[in-house]
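The values are calculated or read from the model by the stated rules, or taken from the named source; none is laboratory data. If you're wondering where the values come from, they're calculated on a predicted model, not measured in any experiment. Virtual Cβ from ideal backbone geometry, glycine too; neighbours counted across all protein chains shown.
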């Protein structure tokens with residue numbers, strides 16, 4: 001019985017601590033003005049634009065890539081189930 005009470009109290013303390021941490025982060029997030037948020041986002045976009053210019057980060061594959069072939073089982077299942085081709089994401 002004592003162990004279950006101890007675990008229950010520990011759980012309640014854990015939930016309270018999590019709520020405190022979330023509240024602190026929310027206060028910190030709301031401390032920014034809209035102009036500051038916009039400036040930070042524009043700075044991130046500028047950083048990405050600079051990183052894209054790095055030739056080491058350029059993709060190694062050709063711009064024209066062949067469309068992948070459907071697996072025969074996928075075509076069979078599509079026809080049996082009377083659904084269109086599956087989308088690849």
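A few remarks follow.
- Residues of region 23-36 that turn out to be modelled with pLDDT of 85 or more and surrounded by 10 or more Cβ atoms within 10 Å (Cβ to Cβ), as a count: 1
- Residues that are modelled with pLDDT of 65 or more and under 30 Å from residue 30 (Cα atoms) occur in region 49-59; there is at least one.
- Pair list, Cβ < 9 Å and 6+ apart or interchain, from region 31-49 residues that are free of Cβ contacts under 8 Å to residues at least 12 places away in the same chain and at negative phi to residues that are in a helix (DSSP H, G or I) and surrounded by 10 or more Cβ atoms within 10 Å (Cβ to Cβ): 32/40
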